[in-house]
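Worksheet: one structure, shown below.
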Amino acid sequence: DTACKNRPLDLVFIVDSSRSVRPEEFEKVKIFLSEMIDTLDVGERTTRVAVMNYASTVKVEFPLRTYFDKASLKEAVSRIEPLSAGTMTGLAIQTAMDEVFTEEMGTRPATFNIPKVVIVVTDGRPQDQVQDVAASARTAGIEIYAVGVDRADMQSLRIMASEPLDEHVFYVETYGVIEKLTSKFRETFCAVNVCALGSHGCQQVCVSNGASYLCDCYEGYTLNPDKRTCSAVDTCAPGRHECDQICVSNNGSYVCDCYEGYTLNPDKKTCSAMDMCAPGRHDCAQVCLSNDGSYSCSCYEGYTLNPDKKTCSAANTCAPGRHNCQQVCVRDDLFYTCDCHQGHPLNPDRKTCSSVITSSLVTTEESCKCEAIVALRDSVTSHLEALSSKYILFEVSEKLQAYQDRQQIV
């Protein structure tokens with residue numbers, strides 16, 4: 001069995017596919033990667049493997065989170081194609097730090113104490129500044145192995161590799177014999193310790209401690225009093241989560257949610273009140289009133305809210321208490337006008353009524369007019385009577401004179 005119970009690793013291969021690496025040589029590199037995978041204890045909870053391909057540009061062929069079995073890894077390696085141009089080794093190491101050694105891409109949390117390892121395979125001299133980048137990577141806890149082939153610059157290999165250099169810098173004359181390094185890496189990674197042998201009894205994580213070991217748990221779990229087994233922690237307990245409103249526990253982890261009327265922001269933690277009165281969000285018949293993530297219904301003027309608190313009915317504007325008419329309220333669709341009882345005029349304010357009954361009253365002006373008419377009538381009547389008396393006397397006088405004249409003739 002060529003596989004070994006190596007300590008768990010987050011292992012990243014960075015392979016040079018610049019113009020100087022001929023196609024048949026690059027195929028030898030892929031065979032080397034496949035043989036290395038065969039020697040590793042590959043799995044989601046053991047060693048995770050990623051491969052990066054670089055020349056003048058850098059390509060992450062697959063990150064640590066993608067494949068957790070040897071067959072899938074080797075199949076993915078067989079499909080890698082060379083990039084052909086340049087040797088930007090510094091850029092490749094920087095990309096590994098920025099884009100591969102992240103929890104989002106499959107690197108396990110620092111609390112797991114899983115070593116981060118890089119194996120760089122190159123046959124040339126870096127065309128960019130590699131010293132500072134490699135130093136930053138080592139400071140970040142990344143262990144770097146440098147493998148030089150044929151024309152590789154040994155000084156550059158020593159600059160990028162971790163200490164001690166005699167354990168981290170390797171060289172082979174040609175790609176044809178690069179497989180020789182497989183056994184060297186097997187010896188390096190196959191540490192004989194209790195954790196590697198699998199006899200430790202830890203349910204989740206075994207942490208080597210010299211000739212002894214300690215058990216630990218994955219994130220979201222806590223070590224039980226027996227110091228071997230693990231239990232899921234309540235990730236939604238106060239102080240354990242960053243949710244603004246609602247925390248939903250999810251198998252050792254959690255997701256955030258929001259109260260009704262709120263929506264989860266892009267940060268997946270905080271919440272914002274929704275406009276509950278936006279079209280399609282409410283069921284108010286007439287007016288929707290937004291109220292901090294909720295809403296209530298109202299009605300237009302002249303309507304009243306029904307008991308269902310959603311629909312509206314036209315209000316009786318002349319109902320007691322709804323109008324300010326003193327005497328009579330006259331309803332007119334959604335509005336009203338005021339009127340008065342018979343004989344009481346409506347005042348200019350269009351609301352109140354006068355208490356004077358017009359049909360039984362005569363104004364001073366009208367009274368004066370009546371008196372003048374009566375006086376004129378009496379005067380005319382008296383004058384006519386006087387004229388009539390004079391006419392009667394005149395007629396009697398003429399008749400008497402005529403009678404006396406006839407008597408004298410006789």
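The values are calculated or read from the model by the stated rules, or taken from the named source; none is laboratory data. None of these values were measured; they are calculated from a predicted model. Glycine also receives a Cβ, built like all others from the backbone with ideal geometry; neighbour counts cover every protein chain displayed. Remember, those area values only see protein heavy atoms, side chains included, never the ligands or the DNA or RNA. Shrake-Rupley method; radii C 1.70, N 1.55, O 1.52, S 1.80 Å.
What to note about this one:
- Estimated distance in nm for a label pair at Thr222 and Ser294, the labels positioned 7 Å out from Cα along Cα-to-Cβ: 3.5
- If the chain linking Asp332 and Glu44 were pulled fully straight, counting 0.36 nm for each residue of separation and taking away their Cα-Cα distance, it would gain 95.8 nm.
- Taking all protein chains together, Tyr300, Tyr218 sort by accessible area into Tyr300, Tyr218, largest first [probe 1.4 Å].
- The aspartates and glutamates whose alpha-carbon is closer than 19 Å to the alpha-carbon of Lys180, local same-chain residues fewer than 8 away aside, are Asp1, Asp16, Glu24, Glu25, Glu27, Glu35, Asp38, Asp123, Asp150, Asp166, Glu167.
- Whole-Hz Karplus values for the stretch 224-241 come out as 6, x, 6, 6, 10, 8, 10, 10, 5, 7, 7, 5, 9, 5, x, x, 9, 10 Hz, taken residue by residue from phi with 6.51 cos²θ - 1.76 cosθ + 1.60 and θ = phi - 60°; glycine and proline positions read x.
- For the stretch 1-144, a crude dipole built from +1 on the beta carbon of Lys and Arg and -1 on the beta carbon of Asp and Glu, taken about the Cα centre, is about 140 debye to the nearest 20.
- Counting only protein heavy atoms and using a 1.4 Å probe, the accessible area of Asp349 comes to about 80 Å².
- Cβ-Cβ distance of Arg350 and Lys269, R₀ of 60 Å, FRET efficiency by 1/(1 + (r/R0)^6): the value works out to about 0.45.
- Its Cα centre serving as origin, the stretch 229-293 has a Cβ charge dipole (Lys and Arg +1, Asp and Glu -1) of approximately 160 debye.
- Between Cys277 and Lys59, the simple label model (points 7 Å from Cα in the Cβ direction) yields a spacing of 5.7 nm.
- Residue pairs, from the table Lys116/Lys227; Lys227/Lys269; Lys28/Lys59; Lys59/Lys116; Lys74/Lys116, whose Cα atoms sit over 31 Å apart: Lys227/Lys269
- Environment charge of Ile178, counting only residues whose C-beta is closer than 15 Å and scoring Lys/Arg +1, Asp/Glu -1: -3
- Label-point separation in nm, Val287 to Val233, each point 7 Å along Cα→Cβ: 5.2
- Selected from Thr174, Leu11, Thr95, residue furthest toward positive end of dipole (the stretch 4-192; charges at beta carbon): Leu11
- Amide H partners (placed H, <5 Å) of Asn265, local residues excluded: Thr270, Cys271, Ser272
- Taking a ≥ b ≥ c as the square roots of the eigenvalues of the Cα gyration tensor, the stretch 275-315 is prolate, since a/c reaches 1.5 or more and a/b is larger than b/c.
- Scalar couplings 3J(HN,Hα) for the stretch 63-78, obtained by applying the Karplus form with A = 6.51, B = -1.76, C = 1.60 to θ = phi - 60°, are x, 5, 8, 7, 10, 10, 9, 5, 4, 5, 4, 5, 5, 5, 5, 5 Hz; x denotes Gly and Pro.
- Mean projected area of the convex hull spanned by the Cα atoms of the stretch 4-192, taken over all viewing directions: 9.3 nm².
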